[in-house]
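The values are calculated or read from the model by the stated rules, or taken from the named source; none is laboratory data. Predicted model only: the values in this text are computed from it and were never measured. Please note: Cβ atoms are built from the backbone with ideal geometry, for glycine as well, and neighbour counts cover all protein chains shown.
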Amino acid sequence: MIQITLPDGAIKEMPEGTTPFQVAQDISEGLARQVISASYNGTTVETHTPLTTDGQLTLYTWKNDEGKKAFWHSSSHVLAQALEELYPGINLTIGPAIDNGFYYDVDFGEHTVTDKDFKTIEHRALDIARGKHDFKMRSVSKADALSYYKEQGNPFKVELIENLEDGDITFCDHSSFTDLCRGGHIPNTGIIKAFKVLSVAGAYWRGDENKPQLTRVYGISFPKQKELTEYLTLLEEAKKRDHRKLGKELQLFTFSQKVGQGLPLWLPKGAALRERLEQFLKKAQRKAGYEMVVTPHIGQKELYVTSGHYAKYGEDSFQPIQTPKEDEEFLLKPMNCPHHCEIYNTSPFSYKDLPKRYAEFGTVYRYEQSGELHGLTRVRGFTQDDAHIFCTSDQLLDEFKGVIDLTLYVLGSLGFENFTAQVSVRDPENPDKYIGEVANWEKAESAIIQAAEEKGLPFVIEEGEAAFYGPKLDFMIKDALGRSWQLGTIQVDYNLPERFDLTYKGSDNELHRPVMIHRAPFGSLERFVALLLEHTGGNFPLWLIPTQAIILPISEKHEKYAEKVLNSLENNEIRALIDARNETVGKKIREAEMQKIPFMIIVGEQEESSNTLSVRKHGGDDLGTLSVEEFSDLIEKEISSILKTF
């Protein structure tokens with residue numbers, strides 16, 4: 001007999017060789033019908049894997065992320081089989097599950113796959129799924145695995161196997177199909193009831209531009225057709241909210257091939273939006289005791305060698321800038337923190353001077369691969385709302401909690417209310433990924449967890465997600481479409497103060513190292529604006545939107561009154577403009593709706609004679625006739641309901 005511990009602490013004593021599925025049956029037949037994957041002692045196993053030792057068992061259903069991962073990974077096998085049958089002679093490479101669905105990278109050789117082929121692939125995949133074929137894992141010797149794929153003429157699988165240890169190689173079989181696989185499958189293909197090929201794209205083998213280009217086939221699957229239908233509806237809504245589409249329609253930003261890929265150009269409306277975001281955060285930062293600093297866009301290479309950024313990010317940076325002086329090299333800065341360390345180093349500090357809080361909207365540069373660039377969410381030049389706090393160990397907890405308060409204020413003021421905090425710590429299995437002493441890492445991780453607990457944040461701990469120099473707290477936001485994004489990060493760092501020899505004089509008259517907190521509530525202005533666009537569909541909060549109201553005179557003779565209204569609104573700090581074009585009011589309203597302007601003010605003879613405004617709200621609501629003062633009060637109340645005082 002073996003002892004199997006369940007997540008709630010219950011222990012089941014079962015015969016050796018019992019499978020996770022049988023454990024589920026022992027709990028309830030209803031659970032057994034829903035279980036599609038499992039893990040034992042932290043390792044993913046099949047539902048029919050015999051359990052031979054005592055251990056901890058977790059059962060997963062479609063409702064769990066781990067269950068979805070197994071479902072979509074299994075679906076990638078079905079996709080691969082369908083592709084092999086439809087396109088003889090292709091070479092399969094890898095096919096993982098991703099956040100929403102799965103993909104398979106394929107060398108199609110002489111074949112070409114376009115969206116016209118999607119239906120055929122889907123029908124074949126569903127035919128395979130209906131066969132209810134079991135997924136079966138088996139161990140294979142390295143020699144046999146190499147022989148199998150050499151015989152097939154698949155150099156990609158051969159390369160993968162050559163990098164594996166003999167004894168750790170497994171194949172997965174279902175139907176007549178075999179694939180190199182580590183495991184993690186649903187019981188059989190019959191659980192897959194809905195299947196959709198979403199798109200195809202180019203992808204380099206192992207992400208290396210110097211290696212062969214493959215075709216990446218993206219797909220998604222579900223246990224019910226209804227769920228696929230709902231997902232496709234959501235996908236259509238996401239297309240409407242695509243920040244690249246909205247950014248163009250609302251005239252916020254653009255890109256130019258002559259300027260360069262991944263380098264956004266902000267148009268006047270977008271620049272005004274950015275400016276308001278910056279002023280909003282600067283005001284809150286002033287109240288929280290931050291001092292603004294400005295640093296250059298470049299720095300000597302040695303600066304980033306000292307910080308460790310060159311060793312970690314050198315390959316992703318732009319090439320060094322050579323100067324006429326021999327052996328002198330500069331880099332476009334990939335991070336602001338080394339510059340802020342040097343600002344701290346300009347003056348001697350005592351414990352009475354701390355904390356020092358330096359903030360900057362600093363533009364940084366990273367050479368992202370061209371295939372990974374995506375609108376404003378993945379760019380090569382972006383502006384971080386960066387700040388670095390230098391404090392004593394005793395001040396760390398309170399300072400960290402203060403940054404949490406600031407971040408929650410920022411997110412709440414912009415409508416991001418649904419979030420989970422993620423405490424990102426070291427991967428204990430890969431210590432080489434990180435710099436600094438273990439003792440300092442333990443102190444930093446402990447402080448973050450304590451701060452999150454004391455602020456009552458809902459949080460999860462993720463191993464291996466820490467920055468190379470320290471652990472961090474990330475805010476994982478759910479947008480209006482239920483998608484998850486990382487926004488806002490706070491990091492604790494004992495290492496850069498060591499590398500830059502930062503000190504302060506303590507109450508004992510001795511020199512001590514300060515602790516450094518890195519924080520960026522927006523993350524980057526570019527990415528933040530992109531996610532805000534998609535979250536709101538372009539209907540920005542009233543306090544932020546570039547144009548809050550548009551005045552529409554019914555005819556040319558009412559333009560003078562329109563100008564009088566505009567002056568009154570501007571005196572009340574309302575951002576408005578006049579549309580005096582020779583067009584019908586109906587057309588002007590339609591275009592104002594497309595521009596997502598919150599309020600349309602129609603002025604004609606009746607409004608002029610009564611010194612009032614006819615106000616229409618974006619979306620069609622008629623607010624009736626208001627005075628300028630009443631309209632100004634309406635705007636003020638709506639803004640104050642969103643924008644709380646920090």
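Which ones in segment 516-532 are hydrophobic (A, V, I, L, M, F, W, C) and within 14 Å of the chain's Cα centre (by Cα)?
F522, L525, F528, V529, A530, L531, L532
Among (1) among the acidic types (D, E); (2) in contact with a Leu (Cβ under 6 Å, 6 or more places away or on another chain); (3) more than 24 Å from G247 (Cα to Cα), where does D579 come up short?
(3)
Among the residues of segment 540-566, how many are in a loop (DSSP other than H, G, I, E, B) and closer than 21 Å to A272 by Cβ?
Qualifying residue count, segment 540-566: 9.
Looking at segment 480-488, is at least one residue in contact with a Phe, Trp or Tyr (Cβ under 8 Å, 6 or more places away or on another chain), among the polar types (S, T, N, Q) and buried (at least 20 other Cβ atoms within 10 Å of the Cβ)?
no
Yes or no, residue by residue, for (1) in a strand (DSSP E or B); (2) surrounded by 15 or more Cβ atoms within 10 Å (Cβ to Cβ); (3) assigned by TED's automatic domain parsing to the domain that holds I90:
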| residue | (1), (2), (3) |
| --- | --- |
| A145 | no, yes, yes |
| I161 | no, yes, yes |
| T178 | yes, yes, yes |
| A201 | yes, no, yes |
| E209 | no, no, yes |
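Among (1) exposed (fewer than 13 other Cβ atoms within 10 Å of the Cβ); (2) of a type in the set (G, A, S); (3) without any contact (Cβ under 8 Å) to a residue 12 or more places away in the chain, where does S370 come up short?
(3)
It is to be established whether one or more residues within segment 263-275 are of a type in the set (K, R), in the same structural domain as F390 (by TED's automatic domain parsing), buried (at least 17 other Cβ atoms within 10 Å of the Cβ) and closer than 30 Å to P355 by Cβ.
Looking through segment 263-275, at least one residue is of a type in the set (K, R), in the same structural domain as F390 (by TED's automatic domain parsing), buried (at least 17 other Cβ atoms within 10 Å of the Cβ) and closer than 30 Å to P355 by Cβ.
Considering only segment 218-247, state which residues are farther than 21 Å from D115 by Cβ and surrounded by 14 or more Cβ atoms within 10 Å (Cβ to Cβ).
Result: P223, E227, R241, H243, L246, G247.
Between G289, G299, which is in contact with a strand residue (DSSP E or B) (Cβ under 7 Å, 6 or more places away or on another chain), assigned to a loop (DSSP other than H, G, I, E, B), in the same structural domain as G260 (by TED's automatic domain parsing) and not acidic (D, E)?
One residue alone meets the criteria, G289.
Inspect all residues belonging to segment 17-27 and state whether any of them is more than 23 Å from F171 (Cα to Cα), under 32 Å from the mean Cα position of the chain (by Cα) and outside any loop (DSSP other than H, G, I, E, B).
Checking segment 17-27: not a single residue is more than 23 Å from F171 (Cα to Cα), under 32 Å from the mean Cα position of the chain (by Cα) and outside any loop (DSSP other than H, G, I, E, B).
Please pick out the residue among S393, S350, S370 that is in contact with a strand residue (DSSP E or B) (Cβ under 9 Å, 6 or more places away or on another chain) and either more than 20 Å from A288 (Cα to Cα) or among the acidic types (D, E) (or both).
Sole residue among the options that is in contact with a strand residue (DSSP E or B) (Cβ under 9 Å, 6 or more places away or on another chain) and either more than 20 Å from A288 (Cα to Cα) or among the acidic types (D, E) (or both): S350.
From the list Y434, Y409, pick out the single residue that is in contact with a Phe, Trp or Tyr (Cβ under 8 Å, 6 or more places away or on another chain), farther than 19 Å from A520 by Cβ and among the hydroxyl-bearing types (S, T, Y).
Answer to the check: Y434.
Kindly list, by first and then second residue, each pair from a residue in segment 452-478 that is assigned by TED's automatic domain parsing to the domain that holds G412 to a residue that is of a type in the set (K, R), limited to pairs with Cβ atoms under 6 Å and residues at least 6 apart or on different chains.
K455/K401; A466/R426; F468/K312
Between a residue in segment 320-336 that is surrounded by 18 or more Cβ atoms within 10 Å (Cβ to Cβ) and any residue that is modelled with pLDDT under 90 and of a type in the set (F, W, Y), which pairs come within a Cβ distance under 6 Å, given they are 6 or more apart or on different chains?
L332/F318; P334/Y313
How many residues does segment 240-267 contain that are outside any loop (DSSP other than H, G, I, E, B) and aromatic (F, W, Y)?
Selection size over segment 240-267: 2.
For segment 595-640, which fully contained strands (runs of 3 or more DSSP E) count at least 3 residues that are surrounded by fewer than 16 Cβ atoms within 10 Å (Cβ to Cβ) and at positive phi?
none
Can you tell me how many residues within segment 392-444 are within 25 Å of the chain's Cα centre (by Cα), of a type in the set (A, V, I, L, M) and modelled with pLDDT of 90 or more?
Looking only at that region, the number is 10.
Among the candidates D208, D144, D166, single out the residue that is acidic (D, E), in contact with a Lys or Arg (Cβ under 7 Å, 6 or more places away or on another chain) and either touching a residue at least 24 places away in the same chain (Cβ under 8 Å) or over 20 Å from Y87 (Cα atoms) (or both).
Within the list D208, D144, D166, the selection yields D166.
Could you list all residues from segment 387-418 that are part of a helix (DSSP H, G or I) and more than 16 Å from M516 (Cβ to Cβ)?
K401, I404, D405, L406, T407, L408, Y409, V410, L411, G412, S413, listed by residue number.
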